[in-house]
Structure formats: C-alpha cells, structure tokens
Amino acid sequence: MKRNKKGMAILLVLLLACAAYFAYTQYEAAAARRAAAQLTLSGNVDVREVSLAFRESDRIDSVLVDEGDTVKAGQVVATLDSKELQLGIQKLKSQIAAQQSAVDKLLNGNRPEDIRQAQANYDAAVSAAKNAAGVYNRTKQIYEDIQGVSRQELDTAQHDAAAKAATAEAAKQAWELAQNGARHEDIAAAQANLKALQDELAQEEYVLSQYVLTAPTDGVIRSRLLEPGDMASPSAPVFKLSILNKKWVRVYVKETDLGKIHEGQAARVYIDSQPDTPIAGQIGYIADTAEFTPKTVQTDELRTALVYEVRVYVDDPQNVLRLGMPATVTIDLEGAK
C-alpha cells in the first residue's frame, strides 16, 4: 500500500515537472514572438530651439523672464532703451503737423479777407496809375503847346505814369492769384513732402516696435545670455527658447532593421520616471545617409555596424520630456507573427 502511494507521488511530481516545463517553453516562445514582433531602440529626447535676439543694436533696458520660465507666443521677454528714438518720433510728429497745416492752407485757398484786401490794393493801384497818366498827359500838352515845363519834368511824369501802370498790373495779378488759390504743382509738392514725413514716421515707429523682444511661440526659456545694461545686436542672442509643441526622440537603427520601419509608423516612448506609462509617438524622419559605429572604423567586417538616425515625434502636453532625457522606443513591426 505504501509502495503504491509512493509511486503515485512520484508520478504526480513528474507530471507537475512536465507541466512546468511545458509552460516555460510556451512562455519563452511567446516572448520570442513578441521580441520578433517589436523593435526596441534607445535614444535621447531632443527639442527645437530658437535664438531670440533684437533686430536693432542698443542697450538693453529690461529682461523680464528667467531661465526655466514658460512663455507664451507674443509675450514680451525683454526691451531696449528707446528714449532717443522716441524723441526723434516726437520731432517727426511736430514736423508732420506743421506740413499738414501748410497743405490745408493751400487746399483751402485764401480767406475772403485776403481776397478783398488784394482787390482793394488793385483798385488803389489803378487809381494811382490813372492819376499818373493824367499828370503825364497834361505835362506833355503844356510842353508841346507853350513849353511851360522842362524836358526833365516831362520825362519824370512819363516814368511815373509807367511805374504806376506796372504797379497796377502787378496788383491785378495778385488779386487774380488770391481768387484762384494755389497752383496744382505747389499743392502736389506740399502733399509729397507730407507723405515723405509720414513714411519716415511709420519707419521709425516700426523700428521702435523692434525695441521690444517677444516670444515667437510657446516655449521654455533654456538660457538667459544677456542682462540689462548689455549692448544688444542682431548677432547676440538674449535667450535660447525651447519649443514645446514639437519634441522627438533621436534613436539609431541598424542597417539590418532599416527595412522594417517607415515614416508614419506608430511607436511608444518610455522614460525611466514613468516606465509603465508610454507616450504615443510616430516615426517622422529616417536619415538617408548611414553612420558607422564607430565612425573612424570603416572595414568590411563592420558593415553591419551601419546605423541610420531616426526621429520619433511625440506630443507632450504635460511637458514631462526634457532635452537630453534618455528614452526607450518600441515599434510594433508590421506583418510580424
């Protein structure tokens, strides 16, 4: 009886051992199939960066953000000292006001009072010319009839009559000019001068707008390179801005695996701080040119060491990915069993 029980126990142990071995082999086979169906790559997070610099060269007046600050598109991050430029703009505005008054005066023509005064001057000049002409005629008659006046007196009367007639003609033209208003050429010239001043003002106001440095897009200030009092220039960035709306993981694929992936293929990104929470991604770039590993060794034996750069783009609304952070990328291979 005891011998039968012992045999049954041994048989049970053998059955359990066989079942365990079978389960293990199945698990290993499943793991192998999963490994064959996936491509696992290691890499680092990368982001786009923008160098923010002023368009104009002047002394920095204020710096409004620090390293690590999150900024929005259009947010002012720094300003230049614009006092001298603002004074020039005020002077231009005064010149424009004066020129505008001159144009308005030409367009509106002379006041009725000015026209009446020009007419009165003309009437007075005509009367003076008539009187001088009468004096000359009488003097000439006396000179010819009885020679009661000298030749010099006759010449004087003649010259006076001619001068008064010329004055009357000038007064007539002045009256007509007062009635007709300014010439079209004078108005056009005044308006052109006004337009030139307005264009110069617009240019100076645009330059003034460039004295304010704004963020071109949402992002995080990575580096603050200049401080208030420093001299800014287009070639001297004030900040390095990391753009948040486009991040990727840079990985490298062996030449033997290159044919298994393509642009647009889905991928998952894992980071050490969140190993169980993958971030959805997509292959967006595959390099056309291979790189050797190491690059200095180029032998036939190491041709399988050729690698291609691949960028897996991800959306990171929670901003958990940081520049240079190590990451693991898994890609489900299409058609793998």
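The values are calculated or read from the model by the stated rules, or taken from the named source; none is laboratory data. The structure presented is a predicted model; accordingly, all values stated were derived computationally and were not measured. FYI the Cβ positions are ideal-geometry reconstructions off the backbone, even for glycines, and counts take in every protein chain you see. Just so you know, the surface numbers come from the protein's heavy atoms only, side chains and all, with ligands and any DNA or RNA stripped out. Shrake-Rupley method; radii C 1.70, N 1.55, O 1.52, S 1.80 Å.
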For residue 149, distant residues with modelled amide H under 5 Å away: 143
Please name which of 241, 196, 209 has its Cα lying farthest along the dipole of the stretch 180-243 towards the positive end, using unit charges on Cβ (Lys, Arg +1; Asp, Glu -1) and the Cα centre as origin. 241
Between residue 100 and residue 262, how many nm apart are label points set 7 Å from Cα along the C-beta direction? 6.5 nm
Using just the alpha carbons, could you tell me how many Å³ per residue the convex hull of the stretch 62-121 encloses? 115 Å³
Mind running the shape call on the stretch 63-213? Use the C-alpha gyration tensor, a ≥ b ≥ c as the square roots of the eigenvalues: rounded below 1.5 for a/c, prolate if a/b tops b/c, oblate otherwise. prolate
Rounded to whole Hz, the Karplus (6.51, -1.76, 1.60) HN-Hα couplings of the stretch 197-207, x for glycine and proline: 5, 5, 5, 5, 5, 4, 5, 5, 5, 5, 4
Among 73, 88, 101, the residue whose Cα sits farthest towards the positive end of the charge dipole of the stretch 58-106, when +1 is placed on the Cβ of each Lys and Arg and -1 on the Cβ of each Asp and Glu, is 101
Accessible-area composition of the stretch 139-283, carbon plus sulfur, in percent [1.4 Å probe]: 50 percent
Would you please classify the overall shape of the stretch 200-289 from the alpha carbon gyration tensor, given that a ≥ b ≥ c denote the square roots of the eigenvalues, rounded means a/c under 1.5, and beyond that prolate means a/b larger than b/c while oblate covers the rest? prolate
For the stretch 152-287, with only Lys/Arg (+1) and Asp/Glu (-1) charged at the beta-carbon, what is the dipole magnitude about the Cα centre, in debye rounded to 20? 1380 debye
Near the amide H of residue 225, under 5 Å away, which other amide H atoms are found, from residues 5 or more places off or on another chain, if H is placed in the peptide plane? 239, 240
For residue 183 and residue 146, FRET efficiency with R0 = 45 Å and r from the beta-carbon atoms, rounded to 0.05? 0.25
Amide hydrogen neighbours beyond the local backbone of residue 44, cut-off 5 Å, H modeled: 250, 327
On a 1.4 Å probe surface of the protein chains, which of 206, 285, 313 comes out largest in accessible area, and what is the full order? 206, 285, 313
From the phi angles alone, apply the Karplus equation (6.51, -1.76, 1.60; θ = phi - 60°) to the stretch 267-283 and give each ³J(HN,Hα) in whole Hz, x where the residue is Gly or Pro. 8, 10, 10, 10, 10, 5, 6, 9, x, 9, 10, x, 10, 5, x, 8, 5
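In nm, what is the difference between 0.36 nm times the number of residues separating residue 212 and residue 93 and their Cα-Cα distance?
40.7 nm
What FRET efficiency would be calculated for the residue pair residue 127, residue 192, taking the C-beta separation as r and a Förster radius of 56 Å, to the nearest 0.05?
Calculated value: 0.85.
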Would you mind checking the radius of gyration and Dmax of the stretch 157-236 based on alpha-carbon positions, in Å? 30.4, 96
